[in-house]
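The values are calculated or read from the model by the stated rules, or taken from the named source; none is laboratory data. All values reported here derive from a predicted model rather than from experimental measurement. Neighbour counts are summed over all protein chains in view; Cβ atoms, including those assigned to glycine, are modelled from backbone coordinates with ideal geometry.
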Amino acid sequence: MKIKPGDLPITEAPTMTSLEMVKFINEERKSKAEAKGLTFPCKGFAELKHKEFLRKVPRVLGETASAQFCADVNYPTFNGAESTRKIYKFPRREACLMAMSFSYELQAKVFDRMNELEGVVDVNQLDFARLKNLTVAEMQNRVVLAEQYSFEEHGQRGSGLMQIRKREKKQIEAVRKTVEELSQLKLPGFSDEGELVA
């Protein structure tokens, strides 16, 4: 049985909000300050406010592009009433661009967080210990996603990434064969071709 991309469940692409981005930035600044023995916030490690972040978004992404990620959220106020706040909901690319405008370290953390939200499988960590807890259908989906990830990230002919792709293909193929064996029930008294054996 061949699994086509259309057979996989369709889910909405995960996003990171501007509120989450501000939290990530402040956590990074806090850890850097504490590593130097300082108390956060302090000189050199200022606390980023959400409104400051909002002002930066159009400068980084452009007025037109940033407008499509704008959203309003309701939140309770101190007296129990509800108020509305403007935020941004960034898909992977825009979240990484915004993070990169602060630091490359932050971009790497946001990239990893988006991978986590998207459920991306790092094929270099695709081990049987984690697979054995999944159903056969989940295992098949995981193999398809790993192949797709490997092809998209390392499948460009002529690039140095092709060596990584070759190693990943071997690993993915070994896992695919194991999953295929698990998904094919072998009935006693029948050959691999399905014929009755006496």
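Listed here are the residues, each with its yes/no results for (1) modelled with pLDDT of 80 or more; (2) surrounded by fewer than 17 Cβ atoms within 10 Å (Cβ to Cβ); (3) in a helix (DSSP H, G or I).
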| position | (1), (2), (3) |
| --- | --- |
| PHE78 | no, yes, no |
| GLU94 | yes, no, yes |
| GLN107 | yes, no, yes |
| VAL110 | yes, no, yes |
| VAL121 | no, no, no |
| MET139 | no, no, yes |
Taking region 21-65 and keeping residues under 23 Å from the mean Cα position of the chain (by Cα) and touching a residue at least 24 places away in the same chain (Cβ under 8 Å) leaves MET21, VAL22, PHE24, ILE25, GLU28, PHE53, VAL57, VAL60, LEU61, ALA65
Q. Quick check: anything in region 161-176 modelled with pLDDT of 80 or more, surrounded by 12 or more Cβ atoms within 10 Å (Cβ to Cβ), acidic (Asp, Glu) and not in a loop (DSSP other than H, G, I, E, B)?
A. yes
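For (1) modelled with pLDDT of 85 or more; (2) in a loop (DSSP other than H, G, I, E, B); (3) within 22 Å of LYS109 (Cβ to Cβ), each residue gets a yes or a no:
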position	(1), (2), (3)
LYS2	no, yes, no
ALA33	yes, no, yes
GLY37	yes, yes, no
ARG59	yes, no, yes
TYR75	no, no, no
Residue count, region 13-26, condition over 11 Å from ALA46 (Cα atoms) and in a helix (DSSP H, G or I), comes to 7
